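Encoded as structure tokens, the structure appears first; notes follow it.
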Amino acid sequence: MTKMVNKTKAWKKLEGHYKHVKDVEMKDLFAADKERADKFSINLEHMLLDYSKNRVTERTMKFLFNLARECQVEEKIKAMFRGDRINFTEKRPVLHIALRNRDNTPIYVDGKDVMPKINEVLAKMRKFSDAVRFGEFKGHTGKKLTNIVNIGIGGSDLGPVMACEALRKYWAKDINCYFISNIDGTACAEVLNKIDPETTLFIVASKTFTTIETLTNAKTCRKWLVDALGEHAVAKHFVALSTNQKEVEKFGINPENMFEFWDFVGGRYSMWSAIGLIIAIAAGMDNFEKMLDGAFAMDRHFAEADLEHNIPVILALLGIWYNNFFNAKRYAVVPYDQYLQYLPAYLQQLDMESNGKFVNTNGEVVTYSTGPVLFGGAGTNVQHSFFQLIHQGTDMVPIDFIIPAISHNEIGEHHEILVANVLAQSEALMKGKTVAEAAEELAEAGKSKDEIKALKLYKSFSGNRPSNTMVFKKIDPYTLGMLVAMYEHKVYVQGVIWNINSFDQMGVELGKQMAKSILPELQGNAGGVHHDASTSQLIATIKRLRK
Ligand code: G6Q
């Protein structure tokens, strides 16, 4: 039985150490050590992770690496790459790394190498995406398919949405991508209003092919197409991405138009599989494969670098340091790149669905905090929304800043101003502004003594607020692959240390089941289900308002 992590030797050491360093100011650490930025930075190819603006000393990092070792992080990394069934509640291996295993070293599941199948699907994706892009696979009436609609939700939506947006600059000129995920009819209606059935390809993306939102949306889209072009058109306008051929056929999609993936790929880890088909159609299969190459580079780094130089491990440990010792239960990811605007939403699922767990691998309720709340948005927009709280709120919110050195759209001074802002934010968060400095500034601005007295505290900043900064050369497919794989592995390492299963998602089930029992009541066929008084009142009100 694995010990609760908060009972380990390394954790106890960290608790003692925390008391000594909790009030240490980062600006003093910088002043005392000219090498600090260099010591707390890692380069990987064109990427730089600067984690020097964190509330850590070399001793802190040493104790954190000891924690990782005591929790067998190195062994658990090997277990993932070996194909062990680390998703133990569902008895599945976790092999998104196999999807981008670009040197094709065999990875075995039940004694069988999974690589040939993976390569087969990649080849099928190449053939199909090329055929759509070059107008060889045409619609029922002979027109080129230029509107590509991905119908999927959760892991079958967020990755494709995020990656398509990130790679928008690489899209074929005449292709447009749309996404329908929500069961709200508005999601369907708003997309269907914009497109023409003759030029539309629907991709039904569902691992299980049983998800009510996706199947309902797919049925609505199918009807819309059949009403316009007839039943025979379906073969030319619908493809499926799934592990469940039986359900795909039942839905009326020819298995030839199905792109397969497997149970060893978790939904939120699936954009590297057939689930990424829309990315391949929009940006081209060469770019899709470059994204896999970038992820593979991060995988090799994660598997091979020692813990002290391992980017995902370092990010994971810093997260634990804040969450479990500084009691910081939130953290933010802020990419300073418009094309990465959906990255925080994507990471929100990756992190919170993976590590929002309260039972450990021994089947016990944990006695420490696990996954934090992740939020974020694109800079500089968020500077004008939630950054007030990050700078002057009562709680610490660690941040990851992401910035490319080169923009895809170098227009005038835009990019310089953008870069200046991200650097200013991390510096300001770290340094802060003392009350005396605030007073001095007010005096320089010509304020009266009374005004200075009244305002100086409001204008001060405590500082000492931590952040990581990741610099990339440019957000291209390769970089995107590296970036996403980095976060996947970070989340895994945290799950290992918290001793939870990062790869199931039982927490999303309860609400789904209950919705099923409420539906007949809304439709007027009360099923005799006993609800609490609030739920009964809400059902009655909605029914009354619909009359
Ligand atoms: C992700 C989850 C979840 C899943 C959706 C869609 O890890 O498993 O978000 O992706 O519920 O499921 P289907 O792909 O089976 O429709």
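The values are calculated or read from the model by the stated rules, or taken from the named source; none is laboratory data. For clarity, every value in this text was computed on a predicted model and none was experimentally measured. When we count neighbours, we look across all protein chains shown, and the Cβ atoms used for this are built from the backbone with ideal geometry, even at glycine. To get the accessible areas, we keep the full protein, side chains included, count just its heavy atoms, and leave off ligands, DNA and RNA. Shrake-Rupley method; radii C 1.70, N 1.55, O 1.52, S 1.80 Å.
With respect to the conditions (1) part of a loop (DSSP other than H, G, I, E, B); (2) under 23 Å from the mean Cα position of the chain (by Cα), residue 524 falls short on a single one, namely (2). For the range 205-239, a residue qualifies if it is among the basic types (Lys, Arg) and not in a helix (DSSP H, G or I), and exactly one does: 207. I'm trying to understand the selection: among the residues of the range 193-204, which are buried (at least 24 other Cβ atoms within 10 Å of the Cβ) and either in a helix (DSSP H, G or I) or hydroxyl-bearing (Ser, Thr, Tyr) (or both)? Across the range 193-204, the qualifying residue is only 200.
Total residues in the range 240-263 satisfying the condition of being part of a loop (DSSP other than H, G, I, E, B) and more than 13 Å from the ligand (Cβ to nearest atom): the figure is 3.
So how many residues does the range 208-239 have that are surrounded by 18 or more Cβ atoms within 10 Å (Cβ to Cβ), more than 12 Å from residue 151 (Cα to Cα) and within 11 Å of the ligand (Cβ to nearest atom)? Result for the range 208-239: 0.
Within the range 213-236, residues that are more than 11 Å from residue 192 (Cβ to Cβ) and hydroxyl-bearing (Ser, Thr, Tyr) sit with their Cβ atoms under 9 Å from residues that are open to solvent by less than 30 Å² (accessible area, probe 1.4 Å) and more than 15 Å from the ligand (Cβ to nearest atom), at 6+ positions apart or across chains, in these pairs: 216/188.
If you check 427, 413, 451 for being open to solvent by 90 Å² or more (accessible area, probe 1.4 Å) and at pLDDT 95 or above, only one passes: 413.
For the range 12-60, the set of residues classified as over 17 Å from residue 469 (Cβ atoms) and either crowded, with 16+ Cβ neighbours inside 10 Å or in contact (Cβ under 8 Å) with a residue 24 or more places away in the chain (or both) consists of 13, 14, 15, 17, 18, 21, 22, 24, 25, 57, 59, 60, listed by residue number.
For the range 137-192, what are the residues that are open to solvent by 60 Å² or more (accessible area, probe 1.4 Å) and in a strand (DSSP E or B)? Answer for the range 137-192, where residues must be open to solvent by 60 Å² or more (accessible area, probe 1.4 Å) and in a strand (DSSP E or B): 138, 144, 176.
Taking the range 298-314 as the range and being part of a helix (DSSP H, G or I) and surrounded by 21 or more Cβ atoms within 10 Å (Cβ to Cβ) as the test, the residues that pass are 298, 299, 301, 302, 311, 312, 313, 314. A Cβ distance below 8 Å, combined with a sequence gap of six or more or placement on separate chains, defines the contacts here; from the range 473-499, residues that are at positive phi reach residues that are open to solvent by less than 10 Å² (accessible area, probe 1.4 Å) in the pairs 499/5; 499/360.
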